[in-house]
Amino acid sequence: MPHSRRYIKLLLLSAALGVPISAVAYGYLQLVHGLQHWVYDDLPEVLGLGTAPPWWPVPPLVLAGLLVGLCVRYLPGHGGHPPVEGIHSGPPPAPREILGIALAALASLGLGAVVGPEAPLIALGAGLAAWALRLLRRGADAQAVAMVGAAGSFAAISLLLGSPLLGAFLLMEASALGGAMLGLVLVPGLLAAGIGALVIIGLGSLTGLGTASLAIPGLPGLVRPDVAQFAWAIGIGLTAPFVGTAILRLGRALHARVAPRPVLATPLVGLVVAGLAITYAALSGRSPTDVLFSGEAALGPLLLRAADYSVGTLVLLMLCKGLAYALSLSAFRGGPVFPAMYLGAAGGVALSHLPGLPSVAGAAMGIGAMCVVMLRLPLVSVLLATLLLSSGLTLMPLVIVAVVVAHVLTAYLTQATPASVSAPPTRPPAVPAAS
């Protein structure tokens with residue numbers, strides 16, 4: 001119960017852990033971004049190549065595949081769960097599994113795989129918090145470990161999403177928390193995330209690196225939704241499930257072949273991902289990094305410079321990144337959120353070349369619809385799309401229509417439960433009984 005002495009102690013501990021866990025998550029994300037910049041921008045110049053040559057994605061992605069394969073094969077925890085399984089909020093990883101999760105995700109994210117950082121951050125936040133509890137309180141029971149681990153996940157994922165509330169919604173919906181359980185787990189998680197966010201604001205100012213935020217400033221506003229845009233919301237909601245389901249089915253089929261031999265197969269997957277990026281760059285004249293990485297950093301430029309992309313380029317981008325996404329989900333380690341957002345935005349921008357659909361509205365509906373197909377989390381999908389854009393409140397009715405239509409059609413196509421990508425919802429963390 002919230003008034004029990006034991007619960008109050010765990011609440012205070014969760015608040016204290018929010019500071020170091022948020023700092024670790026902040027440092028980890030900065031390390032990922034720094035590695036991306038060094039490998040794809042600085043290293044070619046260091047080697048005397050000038051700008052990166054067309055074949056440049058091949059070495060980093062093959063190396064990423066080898067490193068991830070070794071982590072999966074030889075380190076405890078297999079580098080974390082495969083991203084094709086979606087976002088899970090299960091028991092915290094054991095301390096001996098944390099290093100493998102961190103290394104596999106760093107190689108995947110930093111060297112070009114099409115996965116996002118959210119899943120490893122959730123696992124690392126939970127694992128570090130649970131480890132700290134075990135060090136501070138020898139013999140801590142599983143219920144206390146689960147609750148403190150959940151608070152660590154809140155702190156880590158909220159840092160990435162730039163909002164404690166959005167991070168809370170994601171974890172609540174992913175783990176199917178509700179009722180009295182919701183209140184008991186939500187309070188320490190929000191407290192850890194909120195205190196951690198204050199610390200990160202200070203770190204961002206001190207280091208000059210800034211803080212995470214999903215919002216993209218400078219986008220054109222939307223006056224009001226109209227009948228044509230609502231029709232587009234239905235159309236996008238009916239289209240996204242076929243695209244997303246195809247990606248998931250390909251990812252699962254490939255994962256069944258990669259999993260038995262990760263050290264050999266994962267570098268081959270990286271080679272094919274590199275080939276898709278090179279093909280896109282050769283045919284479009286644009287950067288191969290449009291296809292590589294999660295799309296987190298590239299989403300803003302895509303929306304702000306939508307007029308620079310022809311329909312043909314956008315279709316080619318969706319084809320190459322969609323295939324690279326499926327391949328990366330099958331073999332690398334990371335999360336499914338940001339590539340889904342990027343693909344949805346690209347599809348919405350492509351459709352906006354047709355009458356009756358502004359590009360910002362198309363991107364918002366595409367983001368929401370593609371996210372709900374890949375994540376099976378409708379509330380989070382609506383929030384991700386609306387918080388990203390300056391016209392979020394105006395666009396919310398359109399996004400809701402697209403998300404609901406896509407969610408229902410996806411459930412029909414997959415005949416699966418709506419709470420996860422490929423499995424029933426994991427059991428939410430248990431809370432300690434009153435003492």
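Conditions (1) free of Cβ contacts under 8 Å to residues at least 24 places away in the same chain; (2) under 21 Å from SER284 (Cα atoms); (3) surrounded by fewer than 24 Cβ atoms within 10 Å (Cβ to Cβ), marked per residue:
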residue	(1), (2), (3)
LEU314	no, yes, yes
MET318	no, yes, yes
LEU329	no, no, no
GLY348	no, yes, no
SER352	no, yes, yes
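Just name the residue that is nearest to ALA361 (Cα to Cα) out of those in the stretch 236-256 that are touching a residue at least 40 places away in the same chain (Cβ under 8 Å) and not hydrophobic (A, V, I, L, M, F, W, C).
GLY237
Hey, any hits in the stretch 314-337 for a residue that's polar (S, T, N, Q) and over 20 Å from LEU61 (Cα atoms)?
No, the stretch 314-337 contains no residue that is polar (S, T, N, Q) and over 20 Å from LEU61 (Cα atoms).
Yes/no per residue for (1) more than 30 Å from LEU409 (Cα to Cα); (2) at pLDDT below 90; (3) not in a helix (DSSP H, G or I):
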{"position": "VAL185", "(1), (2), (3)": "yes, yes, no"}
{"position": "ALA193", "(1), (2), (3)": "yes, yes, no"}
{"position": "GLY196", "(1), (2), (3)": "yes, yes, no"}
{"position": "VAL199", "(1), (2), (3)": "yes, yes, no"}
{"position": "SER205", "(1), (2), (3)": "yes, yes, no"}
{"position": "ILE216", "(1), (2), (3)": "no, yes, yes"}
{"position": "PRO241", "(1), (2), (3)": "no, no, no"}
{"position": "ILE247", "(1), (2), (3)": "no, no, no"}
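Among the numbered criteria (1) at pLDDT below 85; (2) part of a helix (DSSP H, G or I), which single criterion is violated by PRO91?
Just one mismatch for PRO91, condition (2).
Applying the selection to the stretch 249-274, what residues are surrounded by fewer than 19 Cβ atoms within 10 Å (Cβ to Cβ), farther than 30 Å from THR410 by Cα and not aliphatic (A, V, I, L, M)?
Matches in the stretch 249-274: ARG261 only.
Looking at the stretch 113-121, can you tell me whether even one residue there is crowded, with 24+ Cβ neighbours inside 10 Å, of a type in the set (Val, Ile, Thr), touching a helix residue (DSSP H, G or I) at 6+ places or on another chain (Cβ under 8 Å) and touching a residue at least 24 places away in the same chain (Cβ under 8 Å)?
Within the stretch 113-121, one or more residues are crowded, with 24+ Cβ neighbours inside 10 Å, of a type in the set (Val, Ile, Thr), touching a helix residue (DSSP H, G or I) at 6+ places or on another chain (Cβ under 8 Å) and touching a residue at least 24 places away in the same chain (Cβ under 8 Å).
The values are calculated or read from the model by the stated rules, or taken from the named source; none is laboratory data. Bear in mind the structure is a predicted one, so any value in this text is a computation, not a measurement. We place every Cβ from the backbone using ideal geometry, glycine too, and count neighbours over all the protein chains shown.
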